[in-house]
Amino acid sequence: MKNHFFKKLFVLGAAAFLFFSCATTKLSPVYVTNSVKVRLLPVDSIKSEIDDYYLFEGEFGDKILSSIAYLTLSKKEIAVVLLSDLGVTLGEIIYDGESCSINSVVAPKKMKPEYIVLDLQNAFADFKTLKSHYSETKLSLTEEKSGGTTVRKIMSGKETVEEITIDEKSILVKNHLRKYEYRLTKSEE
C-alpha cells in the first residue's frame with residue numbers, strides 16, 4: 001500500500017514539474033559534427049505524414065530509456081510526446097517551422113530539441129531536399145534501399161556521423177559521433 005502511494009506521489013510530482021518546466025528556443029543551427037552545423041528544414045520537407053504510437057528505446061552513454069512515444073510528422077509540425085506506462089506525459093518536443101520547444105521531466109535541461117527534430121528530418125524528409133541541404137556544408141548524405149529497408153548515412157569525408165535505418169515497423173538512429181542511439185518501433189494495434 002505504501003509503495004502505491006509513493007508511485008502516485010511521484011506521478012503527481014512529475015506532472016507538476018512538467019507543467020512548470022518549459023523551454024522554447026529560437027531556432028539555432030544544429031552541430032552535426034564538432035565544427036559543422038546545419039539549420040533545420042521547413043516542416044513541409046517531410047515526405048510522408050505519421051500520426052501514431054511507437055515504443056521508444058534509447059541509449060545515451062550509460063543511460064537507458066524506454067517509453068511510449070506519440071509521433072506526429074506533418075506539413076505543419078513535428079511533434080514527439082513521451083508517455084509513461086500509465087499514460088502520463090514525460091516530455092514533448094514540438095517544432096512548427098518557426099520555433100522549437102521542449103517540455104520534459106526526463107531530458108537534460110541543456111538538451112536542445114532541435115537535435116531530435118533534425119534526426120527525424122534526416123529519416124523522413126524528402127531525400128533530394130535533404131541531400132541538397134547537406135551539400136551546402138562539408139557533409140554528404142547517402143541513401144541505400146534494399147527490400148523494404150532504407151538506410152541513410154550522414155558522412156564527414158569517409159566517417160559515418162549518423163546512420164538511420166528505416167523499415168515499415170521501426171526507425172533506428174545511431175549517432176556514431178555523439179555516442180547515442182534510439183529506436184522507435186511502431187506499436188501493434
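The values are calculated or read from the model by the stated rules, or taken from the named source; none is laboratory data. What you see is a predicted model; the values in this text were computed from it and never measured. Note that we place each Cβ from the backbone using ideal geometry, even for glycine, and neighbour counts take in every protein chain shown. Each accessible area value is taken on the protein alone, full model and side chains, heavy atoms only, with ligands, DNA and RNA left out. Shrake-Rupley method; radii C 1.70, N 1.55, O 1.52, S 1.80 Å.
Annotations
- Qualifying GluC sites (Glu not before Pro) in segment 64-111, DSSP loop, other Cβ atoms within 10 Å at most 14: Glu77, Glu98
- A helix-only calculation puts the chain at -6500 deg cm²/dmol for mean residue ellipticity at 222 nm, using -39500 (n - 2.57) for each DSSP H run of at least four residues, averaged over all residues.
- The distance linking segment 34-57 with segment 85-123 is 11 Å (Cα centroid to Cα centroid, whole angstrom).
- Among the trypsin sites (Lys or Arg not before Pro) in segment 51-151, those located in a DSSP loop and surrounded by at most 14 other Cβ atoms within 10 Å of their own Cβ are Lys75, Lys76, Lys109, Lys110, Lys138.
- Qualifying GluC sites (Glu not before Pro) in segment 26-68, DSSP loop, other Cβ atoms within 10 Å at most 16: Glu49
- Shape of segment 26-84, Cα gyration tensor, a/c cut at 1.5: oblate
- Highest average packing first - 34-42, 169-177, Cβ atoms within 10 Å: 169-177, 34-42
- Tensor-based shape of segment 92-189 (alpha-carbon gyration tensor, a/c under 1.5 rounded, otherwise prolate or oblate): oblate
- Here the label points at Arg178 and Thr72, each 7 Å from Cα along the C-beta direction, are separated by 2.3 nm in the simple model.
- Remark: spin-label model distance Glu159-Lys37 equals 1.9 nm, labels positioned 7 Å along the Cα→Cβ axis.
- Percent carbon-and-sulfur accessible area, the chain, ignoring ligands, DNA and RNA, probe 1.4 Å: 56
- Spacing of the modelled spin labels on Ser140 and Asp167, each 7 Å from Cα toward Cβ, amounts to 2.8 nm.
- Annotation: per residue accessible area for the chain equals 60 Å², rounded to a whole number [probe 1.4 Å, protein chains only].
- Length available on full extension from Met111 to Asp51: 0.36 nm per residue minus the Cα-Cα distance, which gives 19.2 nm.
- Membrane-span-like helices in the chain (whole DSSP H runs, Cα extent of at least 20 Å along the helix axis, mean Kyte-Doolittle hydropathy of at least 0.0): 2-20.
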